[in-house]
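The values are calculated or read from the model by the stated rules, or taken from the named source; none is laboratory data. Not measured: the values here are computed from a predicted model. For neighbour counting, all protein chains shown are included, and Cβ atoms are generated from backbone atoms with ideal geometry for every residue, glycine included. Remember, those area values only see protein heavy atoms, side chains included, never the ligands or the DNA or RNA. Shrake-Rupley method; radii C 1.70, N 1.55, O 1.52, S 1.80 Å.
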Amino acid sequence: MAAGWNRLSLRMNFSWTLAGNVVFAGCQWVTLMVLAKLGSAALLGRFVLGLAVVAPVFILTDMDLGTVQATDAKHSCDFSDYLGLRIITTIIGFLAVVIISLSLGYDRDRMLVIIGVALAKGFECISTIYYALFQQNERMNHIAQSMMIRGPLSTLSMAAGVYLADSLVIGAFAWAASWAAVMLVYDRRLGTVLVKTVSQERSSEEGVARPVAATRPNWNLAKLMPLAWMALPLGLVMMLSSLKTQVPRYFVEHYMGEHELGIFAGLSYAMVAGTTVLNALGWAAVPRLAHYYAEGLINKYKVLLAKLIGVAVLLGVGGWAVALVAGKPLLTLVYRPEFAEYQREFVWLMIVAVIVYLSFIFGCGMSAA
């Protein structure tokens with residue numbers, strides 16, 4: 001491959017992915033802290049409600065296409081196919097969110113917050129196609145760099161909207177604009193270069209003159225429909241996985257209100273510390289797991305998967321211990337004193353985190369296979 005695009009080692013990919021995920025997840029957590037401290041638990045709850053409405057829809061229409069692309073070891077589809085299908089499903093997802101929000105009868109402010117969140121998630125969905133391209137070629141540093149830019153920029157955008165305009169609606173749309181900017185300026189530009197470079201390298205290796213691979217989306221439904229049909233089961237599985245997180249939020253908001261939803265979201269977000277590490281491990285390991293499985297190296301596949309499971313258990317038990325011993329002062333420091341009244345719930349959520357972590361790792365193994 002051309003200079004500058006050589007594949008990185010598994011250790012380097014993990015290191016970059018961990019760094020990117022730590023920065024991005026940390027910034028997402030800071031965003032929740034900003035909403036709690038500049039506003040209130042109710043304001044945080046309104047934002048989390050927007051995420052709860054948007055996330056399952058976009059996860060379904062996302063169809064985990066990035067994983068399908070990253071594990072396409074035989075290059076059965078072109079990048080332009082994945083990009084075209086992603087744009088179509090993202091538009092469908094956005095329209096579905098609008099229809100669902102209207103049917104639920106939300107007021108104007110809630111509707112606008114949900115639309116702002118949906119726009120942000122839409123741009124993120126398109127970014128993940130470029131991320132999958134980098135992942136497929138084992139260059140996780142470019143994903144990490146994108147996340148390191150997107151995380152702080154989105155937090156600053158949200159904080160500026162809430163603090164300067166005293167409006168969560170303005171903050172949500174500023175948040176979406178920052179994600180759009182990173183997708184267009186960084187992800188799309190770098191991805192275009194990589195597609196062309198990989199195409200030229202493959203032509204050179206095969207000794208056959210081929211046209212340079214397309215970087216624009218393909219709209220040929222005859223080719224996109226089989227790809228969508230293949231990826232749809234993964235989308236359904238991932239949506240069900242997302243509902244495990246979102247359904248409790250629906251019930252909390254419906255029966256107890258946005259204030260209690262804000263409290264619940266703040267407590268449950270603590271498990272992100274573990275998922276950040278596991279996401280880094282998963283993203284770095286999935287291409288290697290897919291390679292082992294495709295080549296019939298089942299023992300190596302099992303050994304790598306077992307190591308990931310061990311890390312998941314260690315992180316889960318560690319998080320539970322921290323919640324049990326230092327839950328109250330930690331919640332007071334991070335959010336507000338009112339959050340510390342819910343230490344018992346915090347401890348139970350960290351027990352649930354152990355199960356969530358294991359579920360994620362097994363999901364990575366299944367997706368790779």
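Across segment 1-160, Cα-Cα pairs more than 27 Å apart make up 33 percent of the total.
Rounded to the nearest Hz, the phi-derived 3J(HN,Hα) couplings of segment 155-168 under the Karplus curve 6.51 cos²θ - 1.76 cosθ + 1.60 (θ = phi - 60°) are 5, 5, 5, 5, 4, 5, x, 6, 7, 7, 9, 6, 8, 5, where x marks glycine and proline. In 20 Å bins starting at 0, how do the alpha-carbon pair distances of the chain split up by percent? Going out from 0 Å in 20 Å bins, the chain shows 28, 59, 13, 0 percent.
Pair-distance distribution of segment 287-369: all C-alpha pairs, bin width 10 Å, starting at 0; shares per bin in whole percent are 18, 34, 22, 16, 9, 1. Across the chain, the mean sequence separation of Cα contacts (distance under 8 Å, 6 or more residues apart), normalised by length, yields a relative contact order of 28 percent.
Its convex hull of Cα atoms gives segment 148-196 a direction-averaged projected area, equal to a quarter of the hull surface, of 3.2 nm². The count of lysine pairs in the chain with alpha-carbon distances below 28 Å, taking only pairs 8 or more places apart or on different chains, stands at 15.
Calculated FRET efficiency, V317 to A160, Cβ-Cβ distance, R0 = 25 Å: about 0.05 to the nearest 0.05.
Stokes-Einstein diffusion for segment 226-297, with the hydrodynamic radius set to the Kirkwood value over Cα pairs and evaluated at 25 °C in a medium of 0.890 mPa s, equals 161 µm²/s.
Mean residue ellipticity, 222 nm, helices only, the chain: the sum of -39500 (n - 2.57) across DSSP H runs of n ≥ 4, divided by residue count and rounded to 500, is -28500 deg cm²/dmol. Inter-part distance, segment 329-343 to segment 34-53, computed on C-alpha centroids, equals 16 Å.
Solvent exposure of the chain amounts to 46 Å² per residue of accessible area, where only protein heavy atoms count and the probe is 1.4 Å. For segment 322-334, the Karplus equation 6.51 cos²θ - 1.76 cosθ + 1.60, evaluated at θ = phi - 60°, returns couplings of 5, 4, 5, 8, 10, x, 5, x, 5, 5, 5, 5, 6 Hz by residue, with Gly and Pro reported as x. In this simple spin-label model, placing a label point 7 Å from the Cα along the Cα-to-Cβ direction at both S241 and N220 gives a separation of 3.1 nm.
Computed with the Debye formula from one identical point scatterer per Cα of segment 19-104, without solvent, the log10 of I(q)/I(0) at q = 0.15, 0.18, 0.23, 0.26 Å⁻¹ comes to -0.79, -0.96, -1.07, -1.13. Pairs of Cα atoms nearer than 8 Å and 6+ residues apart set the relative contact order; for segment 75-156 it is 32 percent. Remark: segment 92-104, residue by residue, has Karplus-estimated 3J(HN,Hα) of 4, x, 5, 5, 5, 4, 4, 5, 4, 5, 5, 5, 7 Hz, where x stands for each Gly or Pro and the curve is 6.51 cos²θ - 1.76 cosθ + 1.60 at θ = phi - 60°.
Å³ per residue of the Cα convex hull, for segment 262-309?
Convex hull of Cα atoms, per residue: 72 Å³.
Element breakdown for the chain at a 1.4 angstrom probe: carbon and sulfur atoms account for 68% of the accessible area.
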